[in-house]
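S.K.: Structure in structure tokens, see below.
All of the numbers you see were taken from the coordinates with simple rules; none came from a lab. If you're wondering where the values come from, they're calculated on a predicted model, not measured in any experiment. We place every Cβ from the backbone using ideal geometry, glycine too, and count neighbours over all the protein chains shown.
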Amino acid sequence: MQYIVDTKEFQIMEPTVVSIGKFDGLHLGHQKLVKEMLRFRTHGRKAAIFTFSTPPGTLVKGKLQTMIMTNRERALILEQAGIDYLVEYPFDESVLKMEPERFLSEILIGRMGADIIVTGPDCHFGYKAAGDRALLEALAPKYGYRFIVVDKARDPQNKIISSTYIRDMLAEGRIEKANQLLGYHYYVSGVVEHGRSIGHRRLYPTANLVPPRVKHLPKYGVYVTRVTVEGKTYGGLTNVGEKPTIEGKNPAGVETYLYDFQGDLYGKTIKVELLDFVRPEMKFSSIEELKAQLDYDVKMCREMYDQFLKTVL
């Protein structure tokens, strides 16, 4: 996959089937759209995704907008899905104020090489989000592209699957439901960093990840997790949050104890998949009280992880 990042100066020189959007989380709705794109990846036509390097809402609202997955995580999944081009275009004032038809003609057709455009029914683009499904349909004869609309995916309760829906489930700690909507296990990945070593000395040895601020984290608390390290998987107990029992100001992090792991994880890249919610983050009166609770949590998480393995084998 060709990954074009943070530049307006690019040119795709072959015909493409293009889709546009934030693709926040690449949930089952996005996956349905990607599958439709790949149906038209024939006769030399390539599949291309157009998105932005930063969430547009960050500029529009003047406040950081978090994403269910980082740009790098999104890129890896799209590459695995078979996408040929991923363009992460810089979002600035000039893009914010670009008229929809100009965006279509100069970027989607002019730079992306769009021969077919595939979107969901609620697609919006251009200045004041004035570009929509109706405009794309109306302009198709003028610019000579084919326009295809993909209906929304729905969950077993017939509710439309969306990034907002998934965020709500994450906020409630309903990680199993969020995973169902995503079509994979919500995860945090990154390089293990050194912490304050309190866990190693007095609690349990943990692998510490400090996700970028743009990463949307779930409800703070303890989760049953599956951890991948150098191609091997381990069960784990993960705390997502700010460790309120530990003195001082602690940044929001993802701290994982891996069962049955021996070795040094510092500097290694790991992937922590959240499988089930155990309890909310709590402040204890002492490290000893926290240790007693963790002893119980580890036992429970081991049992829950063993049960999870039975369902996937």
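S.K.: For the chain, modelled as a Gaussian network with Cα springs under 10 Å, which listed residue fluctuates most, LEU139, LEU78, LEU275?
M.R.: Highest fluctuation among the options: LEU139.
S.K.: With θ set to phi - 60°, apply the Karplus curve 6.51 cos²θ - 1.76 cosθ + 1.60 along region 129-135 and write out the HN-Hα couplings as whole Hz, x wherever there is a Gly or Pro.
M.R.: 6, 6, x, 8, 4, 4, 5
S.K.: Please identify, among GLN65, GLN157, GLN31, the residue showing maximal mean-square fluctuation in a Gaussian network model of the chain using a 10 angstrom Cα cutoff.
M.R.: So, out of GLN65, GLN157, GLN31, the one fluctuating most is GLN157.
S.K.: Filter the trypsin sites (Lys or Arg not before Pro) in region 1-58 to those in DSSP coil with at most 15 other Cβ atoms within 10 Å of their Cβ, and list the result. Don't skip to the end; give the middle numbers.
M.R.: Working: sites: LYS8, LYS22, LYS32, LYS35, ARG39, ARG41, ARG45, LYS46; in loops: LYS8, LYS22, ARG41, ARG45.
Hits after loop and neighbour filter: LYS8.
S.K.: Kindly provide the helix-only [θ] at 222 nm of the chain, computed as the sum of -39,500 (n - 2.57) over DSSP H runs of four or more divided by all residues, to the nearest 500 deg cm²/dmol?
M.R.: After summing the helix terms and dividing by residue count, I get -8500 deg cm²/dmol.
S.K.: Right, here's the next one. Once R0 is set to 30 Å, what does the formula 1/(1 + (r/R0)^6) return for the Cβ-Cβ distance between LEU64 and LYS8, expressed as a FRET efficiency to the nearest 0.05?
M.R.: Details: r = 23 Å, r/R0 = 0.76.
FRET efficiency, LEU64 to LYS8: 0.85.
S.K.: What does the net charge come to around PRO15 if you take all other residues with beta carbon closer than 9 Å to its beta carbon, with K and R at +1 and D and E at -1?
M.R.: 0
S.K.: Further question on the same structure: Between THR233 and HIS194, what is the label-point separation in nm under the 7 Å Cα-to-beta-carbon projection?
M.R.: 3.3 nm
S.K.: Sticking with this structure for a sec: Tell me which residues come under 5 Å, amide H to amide H, from MET67 once H is placed; ignore anything under 5 positions away on its chain.
M.R.: When sequence neighbours closer than 5 places are left aside, the close amide H contacts are LYS215, HIS216.
S.K.: Just the Cα atoms of region 22-87, one point each, no solvent: what log10 I(q)/I(0) does Debye give at q = 0.18 Å⁻¹?
M.R.: -0.69
S.K.: Between ASP151 and LYS22, what is the label-to-label distance in nm when each label sits 7 Å out along the Cα-to-Cβ direction?
M.R.: Those two pseudo-labels are separated by 2.6 nm.
S.K.: Another question about this same structure. Please work out the C-alpha center-to-center distance from region 35-61 to region 253-267 and express it in whole Å.
M.R.: Between the Cα centre of region 35-61 and that of region 253-267, the gap is 36 Å.
S.K.: Please give the contour-minus-distance gain from HIS185 to LYS142: 0.36 nm per residue of separation, less the Cα-Cα distance, rounded to one decimal in nm.
M.R.: That works out to 11.2 nm of additional length.
S.K.: In the neighborhood of VAL227, defined by Cβ-to-Cβ distances under 10 Å, what is the net charge if each Lys or Arg adds +1 and each Asp or Glu adds -1?
M.R.: +2
S.K.: Please sort by residue number the trypsin sites (Lys or Arg not before Pro) in region 78-113 whose DSSP state is loop and whose Cβ has at most 11 other Cβ atoms within 10 Å.
M.R.: When the trypsin sites (Lys or Arg not before Pro) of region 78-113 are filtered for loop state and at most 11 Cβ neighbours within 10 Å, LYS97 remain.
S.K.: Of TYR223, GLY183, ALA129, whose Cα points farthest to the positive end of the dipole of region 122-245 (charges on the beta-carbon: +1 Lys, Arg; -1 Asp, Glu; origin at the Cα centre)?
M.R.: Going by the Cα projections, it comes out as TYR223.
S.K.: Moving on to the next point. Could you please report the charge total around VAL254, scoring K, R as +1 and D, E as -1 over all other residues with beta-carbon less than 14 angstrom from its beta-carbon?
M.R.: 0
S.K.: Under 10 Å, Cα contacts only: if you run a Gaussian network model on the chain, which one of TYR184, TYR296, TYR145 comes out with the highest mean-square fluctuation?
M.R.: Most flexible of the set in this elastic network: TYR296.
S.K.: Let me ask something additional. Based on alpha-carbon atoms only, what is the radius of gyration of the chain relative to the globular estimate 2.2 N^0.38 Å?
M.R.: Its radius of gyration relative to the 2.2 N^0.38 Å reference: 1.12.
S.K.: What size of dipole, in debye to the nearest 20, comes out for the chain about its Cα centre when the only charges are +1 on Lys and Arg C-beta atoms and -1 on Asp and Glu C-beta atoms? Each step should come with its number before you reach the end.
M.R.: Numbers: 43 positive and 39 negative charges, 51 e Å.
Its charge dipole is roughly 240 debye.
S.K.: Please identify the trypsin sites (Lys or Arg not before Pro) of region 130-184 that satisfy two criteria: DSSP loop assignment and at most 11 other Cβ atoms within 10 Å. Which are they? All intermediate terms of the calculation are to be shown ahead of the outcome.
M.R.: Values: sites: ARG133, LYS142, ARG146, LYS152, ARG154, LYS159, ARG167, ARG174, LYS177; in loops: LYS152, LYS159, ARG174.
In loop regions of region 130-184 (DSSP not H, G, I, E or B), the sparsely surrounded trypsin sites (Lys or Arg not before Pro) are LYS159.
S.K.: Run the simple label-point estimate for TYR266 and GLU242 please: 7 Å along Cα→C-beta, distance reported in nm.
M.R.: 2.7 nm
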